[in-house]
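Below is one structure, written out as structure tokens; comments come after it.
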Amino acid sequence: MKRSTQFSRMQFETSKLYAKYFAMGCLIGPKHFVEEWVVEGQTNYTLNYTTRQVEIYFHHMDTEYRLEYKFKAVDGDMILEKEGDVVTLTIPLRYPARFWKRNLRAVSHTRNAVYIGPRWERVAMIPFSPNSSIPSRLTGPLSPSVPEDTVDLGKWIVYRLKFKPSRNYYATFQKEMDKAAEFNLVPRDLSNCKPFMTVSQSSALPKALGHTYRSSLTLTFSVLYMLECIISNHLVDERNLSSDFYSLVTALSDMVTCSILDVIANKKQKVWDPSATFKDIWKQMETKLFHQRRVPSHCAMLRKVIITPTRMYIQAPTLETTNRVIRHYIKYADRFLRVQFTDEDFSKVGAAHKNSTNDAIYNRIYDVLRKGIQIGNVAYEFLAFSSSQLREQGCWFFAKTPDLDASQIRTWMGVFSHEKVVAKHAIRMGQCFSSTRTVALLKPNEVETIPDIKHNGYTFSDGVGKISPALAQEVTNTMELKSLPSAFQFRLGGAKGVLTVDESLTGPVKIQLRPSQVKFESDHLALEVIRTSTFIHSYLNSHSPLAK
């Protein structure tokens, strides 16, 4: 039934339908659905046309749950089938929905009172059955696999609902379907929607070989990483990875295998027959797969992982500008991991709204930072983060080796013990992770400290030092710039800020720093440039009078 509700002065136009069956699973073919988990009983399927959002309410183990996703999250078209008076809707998503649990005895605190009552709470895990025992928090490093006795919310992103409207309700049901058709959510003519989907119960199929099995194979970490990349991004389903496919992967060299898997990852298209696709790419590209990508001296191929409340998305290595730490430990570049935390739709994790809570999401982020990440036999631990990463809710992890760990790297970076405020302490460490280019190696006598310009309690030279014309020209040549900039944004040891060209610097001193620029002690004397001043187009303000 269609309704309009008033909330925060906004009219919401919605349609509510009642399903008799709700299942979650995956597609192993364009027309083959695998039913992994089923909820029996009435399910509330609500379309909100105002917010372009879908909500599904269902009950499991005497608890009410809610999932929600945007219209744009649907991967392609929803599949509608009609047989007799039963209408079936199959909904493939690009990424998992957000899941909530209704806690009837949630405790809420205000300044003056404590309330006990119903509240919606975000969840990252749902027990599979009444006999399931799942931990509320991570007990070890986060890995691509999930506990067997939980509903795999991050993997089973194809939803299937069955509607069987009564004779008295059918006209209303048809009206609501017509409304959904106006938004191109379902076909307009239900009479032509004959059943064509093949549905299999997971219990009737061979058990999917998961991450634990792949970790036990004789695969190098590079190959295992790329395999997990295409699986975690929903490009390949584990059930389609046959023994023939694993034989192909192990038979070829690591370079060729990783190159083929990289092609699959970059195409971002679903692969229903991995073995055939693998062979086709090999035939089409052949010798091209042996050519390694040329990496500039100031760049490196770095790995990245995106962690959402229900999934870990492993990204293919990408070419990125390095920073001071990675340049120094360049032989360990493949041990660094860029980690970003997002919500299910890859947006930033936000604050909870009134009468709801995101504690499960915040706990997951905290546990990953404390416990680390494990892919195969490689365990990553938290290292640090830069200012830009903090804005993007990201950080750096490092997989320790017998002779190097994250603690040793932080010690090499500099002395930060003077910063007692936790936030400032972390930001100072992140200064070493700014994406920069090393343009010159200086000697101790080529750098000196000059006082700041202060007057009436104000510092007029805050963050601004000087650079000699000779060194500025050297930087210009190294960076292959067309003209000599007048200012450089830089990093030098524990100093940061801007260097302006000073024509009076003609002696051995090439850089003059001010106390306001030095944030921590460091013996690092490589001049690193983030960016330089450039010319910009001039324009007239729209309110400026026209010249006569």
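The values are calculated or read from the model by the stated rules, or taken from the named source; none is laboratory data. Everything quoted here is computed from the prediction, not taken from an experiment. Here Cβ is always computed from backbone atoms with ideal geometry, including for glycine, and neighbour counts include all displayed protein chains. What goes into the accessible areas is simple: the full protein's heavy atoms, side chains included, and nothing from ligands, DNA or RNA. Shrake-Rupley method; radii C 1.70, N 1.55, O 1.52, S 1.80 Å.
Here are the numbers:
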item	result
Rg/Rh ratio calculated on Cα atoms of the range 184-334 (Kirkwood radius)	1.06
Options Val114, Ala124, Ile28, ranked by Cα towards positive dipole end of the range 1-126, top entry (Cβ charges)	Val114
Square roots of five times the Cα gyration tensor eigenvalues for the range 302-460, Å	32, 23, 14
Neighbour-limited loop hits for chymotrypsin sites (Phe, Trp or Tyr not before Pro), the range 110-188 (at most 16 other Cβ within 10 Å; DSSP other than H, G, I, E, B)	Tyr169, Phe183
Given 12 as the ceiling on other Cβ atoms within 10 Å, longest exposed-site-free region of the chain for GluC sites (Glu not before Pro) in DSSP loops	149-479
Calculated [θ] (222 nm, deg cm²/dmol) that DSSP helices of n ≥ 4 give over the chain, each run adding -39,500 (n - 2.57)	-6000 deg cm²/dmol
Only Lys, Arg (+1) and Asp, Glu (-1) charged, at Cβ; the chain dipole about Cα centre in debye	1140
Bridge type composition, the range 454-538 - antiparallel percent by DSSP, nearest 5	80
Assigned charges on the beta-carbon of Lys, Arg, Asp, Glu; the range 93-190 dipole about Cα centre (debye)	320
Extension reserve of the Gln473-Ser504 stretch, reckoned as 0.36 nm per residue once the Cα distance is removed	9.7 nm
Cα centroid separation, the range 359-399 to the range 50-109 (Å)	29
Cross-link reach list, lysines versus Lys482, counting only Cα pairs under 28 Å and skipping chain neighbours closer than eight places	Lys443, Lys466, Lys496, Lys510
Listed values [x] 39, 25, 22; [y] 51, 31, 25; [z] 38, 28, 23, entry calculated as semi-axes √(5λ) of the Cα gyration tensor in Å	[y]
Charge dipole of the chain about the Cα centre (unit charges at C-beta), most positive-ward option of Thr534, Met479, Pro317	Thr534
Top positive-direction residue, dipole computed over the chain with Cβ charges, set Leu302, Tyr57, Ile260	Tyr57
Cα centroid separation - the range 190-261 against the range 476-509, whole Å	52
Whole-number percent relative contact order across the chain, with pairs defined as alpha carbons under 8 Å at least 6 apart	11
Sites matching trypsin sites (Lys or Arg not before Pro) across the range 396-465 that sit in DSSP coil, with at most 12 neighbouring C-beta atoms within 10 Å	Lys420
With every protein chain in place, the chain: carbon and sulfur % of accessible area (1.4 Å)	52
Percent of Cα-Cα distances greater than 12 Å, calculated over the range 439-490	71
Distant-in-sequence amide H partners of His32 (H built 1.01 Å from N, under 5 Å)	Thr198
Whole-number accessible area per residue in Å² for the chain, which is evaluated in the context of all protein chains at 1.4 Å	54
Kyte-Doolittle mean at least 1.0 and Cα axial length at least 15 Å: DSSP H helices in the chain	221-232
About the Cα centre, charge dipole magnitude for the range 295-454 (Lys/Arg +1, Asp/Glu -1 at Cβ), debye	100
